[in-house]
Amino acid sequence: MKLLVTGGAGFIGSAVVRLAVARGHDVVNLDALTYAACLDNVAPVADSNHYTFEHADIRDRAALDRIFAEHKPDAVMHLAAESHVDRSIDGPGDFIETNISGTFNMLEAARKYWVENGRPDGFRFHHISTDEVFGSLPADPEVQFTEDTPYDPRSPYSASKASSDHLVRAWHETYGLPVVLTNCSNNYGPYHFPEKLVPVIILNALAGKPLPIYGDGSNIRDWLYVEDHADALLLVVQNGVLGRCYNIGGENERTNLELVTTLCGILDDLRPKANGTYADQITYVADRPGHDARYAIDPTRIREELGWRPSVTVEEGLRKTVQWYLDNESWWRALQTREGVGKRLGVKA
């Protein structure tokens, strides 16, 4: 299968690219190389005959038409997006342009290509989204997001992703474009850009800096190891039912404070401090505006229809992640000078 992967130099996209190439798929990686992208993320497969890179922006329709015509993909995996909630609070415009307008361009370019090639039965447009489109859940562990949960986005980021989800469904219903959608819980793992919670905690801990906890740390997230997510995404693009959405979760709910405490314990074990524990660096800071209380995925559909389940617990995945950062200092050092990294964003509301 030849896959066109948008955002393939980003965190989740690069995990998809690495796994797809390892499994023998031909991959065209389309990426604009914005601040959070890094070609080092795909360096392990960059020399493969199965890999091609296209430096292009999904907001550039002419470039998209050229790439579709030249590479003739069997399926699209659309991951390119602005994704950091804090940045969306400070600068929502980029999120509207990329996540909504960019997705519109991808859908139109894909539709043009699909129609001009005789509407092949095997073609798929796989749109990858987030559980944040569903809003916030109560603390009741019996209540989880399902594929039928009404949308209730609370941030510019989640609103832009919700909008893109609706566009994809509309192109399926109106034009017959063969689509599948997925909504995932919070990802973590190797190559995670150092502005999200897990890498921020790891790198601040190693640097002896405060470990920031928003509010009281009671916000709950379901944590999904990125390599498990990539495995699920490749399964959906190949075997998912057209027009169907699949929620992908890690089955690992933790409060932010629990997650940070776990990371501190792993660091204490793998790289102990001379004095004290990394948990001594935990610092409570002002909460994010509109911070959703809880996300939790009900993964029943993907488990029962496609046979997928995550392979690691959050403790196992976090240990793998910490070890990866300890072993790959040259990767994250090079990213720490990029705009906004190491700064508190999203406090302008």
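The values are calculated or read from the model by the stated rules, or taken from the named source; none is laboratory data. Note that the structure is a prediction, hence the values are computed from the model and not measured. Don't worry about glycine lacking a Cβ; one is built from the backbone with ideal geometry, like all the others, and counts go over all protein chains shown.
Given the structure, is residue 199 over 18 Å from residue 126 (Cβ atoms) and in a helix (DSSP H, G or I)? When the stated conditions are applied, residue 199 passes them. Here residue 123 clears all of (1) over 28 Å from residue 316 (Cβ atoms); (2) within 15 Å of the chain's Cα centre (by Cα) except the condition numbered (2). Among the residues of the stretch 261-297, those that are surrounded by 17 or more Cβ atoms within 10 Å (Cβ to Cβ) and in contact with a strand residue (DSSP E or B) (Cβ under 6 Å, 6 or more places away or on another chain) comprise 281, 282, 288, 294, 295, 296, 297.
Take the stretch 111-150 and flag every residue that is without any contact (Cβ under 8 Å) to a residue 60 or more places away in the chain, surrounded by 15 or more Cβ atoms within 10 Å (Cβ to Cβ) and either aliphatic (A, V, I, L, M) or closer than 21 Å to residue 182 by Cβ (or both). Lay out the reasoning, then the answer.
Let us first name the residues in the stretch 111-150 that are without any contact (Cβ under 8 Å) to a residue 60 or more places away in the chain, namely 112-113, 115-123, 125, 127, 129-130, 133, 140, 142, 148-150.
Keeping just the survivors that are surrounded by 15 or more Cβ atoms within 10 Å (Cβ to Cβ) gives 112-113, 123, 125, 127, 129-130, 133, 149.
Correct list: 123, 125, 127, 129, 130, 133, 149.
Look through the stretch 31-49, keep the residues that are outside any loop (DSSP other than H, G, I, E, B) and within 16 Å of the chain's Cα centre (by Cα), and return whichever of them is nearest to residue 196 (Cα to Cα). Of everything passing the filter in the stretch 31-49, 41 is nearest to residue 196 (Cα to Cα). For first residues located in the stretch 330-349 and aliphatic (A, V, I, L, M), partners that are modelled with pLDDT under 70 and lie 6+ apart or on another chain with Cβ distances below 6 Å do not occur.
Pairing each residue of the stretch 286-311 that is within 13 Å of residue 252 (Cβ to Cβ) with any residue that is in a helix (DSSP H, G or I) and among the basic types (Lys, Arg), provided the two are 6+ apart or on different chains, yields C-beta distances under 7 Å for 309/303. Among the criteria (1) over 23 Å from residue 289 (Cβ atoms); (2) out of contact with any Ser or Thr (no Cβ under 9 Å at 6 or more places or on another chain), the one residue 150 does not fulfil is (1).
Is there a residue in the stretch 65-82 that is within 25 Å of residue 20 (Cβ to Cβ), touching a residue at least 24 places away in the same chain (Cβ under 8 Å) and in contact with a His (Cβ under 6 Å, 6 or more places away or on another chain)? Yes, the stretch 65-82 contains a residue that is within 25 Å of residue 20 (Cβ to Cβ), touching a residue at least 24 places away in the same chain (Cβ under 8 Å) and in contact with a His (Cβ under 6 Å, 6 or more places away or on another chain).
The set of residues from the stretch 166-195 being assigned to a helix (DSSP H, G or I) and surrounded by 23 or more Cβ atoms within 10 Å (Cβ to Cβ) comprises just one member, 168.
May I ask you to list the residues in the stretch 88-110 that are surrounded by fewer than 21 Cβ atoms within 10 Å (Cβ to Cβ) and in contact with a Gly (Cβ under 9 Å, 6 or more places away or on another chain)? Passing the criteria: 89, 90. Residues in the stretch 63-87 that are in a helix (DSSP H, G or I), surrounded by 15 or more Cβ atoms within 10 Å (Cβ to Cβ) and not aliphatic (A, V, I, L, M): 65, 68, 71, 86, 87. The listed residues are 91, 118, and the only one of them that is closer than 25 Å to residue 154 by Cβ and more than 18 Å from the chain's Cα centre (by Cα) turns out to be 91.
Applying the selection to the stretch 315-349, what residues are modelled with pLDDT of 95 or more, aliphatic (A, V, I, L, M) and surrounded by 17 or more Cβ atoms within 10 Å (Cβ to Cβ)? The answer is 318, 322.
Number of residues in the stretch 121-153 that are aliphatic (A, V, I, L, M) and under 11 Å from residue 298 (Cα atoms): the value is 1.
Quick check on the stretch 194-205. Is at least one of its residues out of contact with any helix residue (DSSP H, G or I) (no Cβ under 7 Å at 6 or more places or on another chain) and among the small types (Gly, Ala, Ser)? No: the stretch 194-205 contains no residue that is out of contact with any helix residue (DSSP H, G or I) (no Cβ under 7 Å at 6 or more places or on another chain) and among the small types (Gly, Ala, Ser). Taking residues in the stretch 241-262 that are among the aromatic types (Phe, Trp, Tyr), and partners anywhere that are in a strand (DSSP E or B) and modelled with pLDDT of 95 or more, the pairs with Cβ atoms closer than 9 Å and at least 6 places apart or on different chains are 246/180; 246/181; 246/182; 246/183.
Take the residues in the stretch 45-59 that are touching a helix residue (DSSP H, G or I) at 6+ places or on another chain (Cβ under 6 Å) and of a type outside the set (S, T, N, Q); name whichever of them is nearest to residue 101 (Cα to Cα).
59
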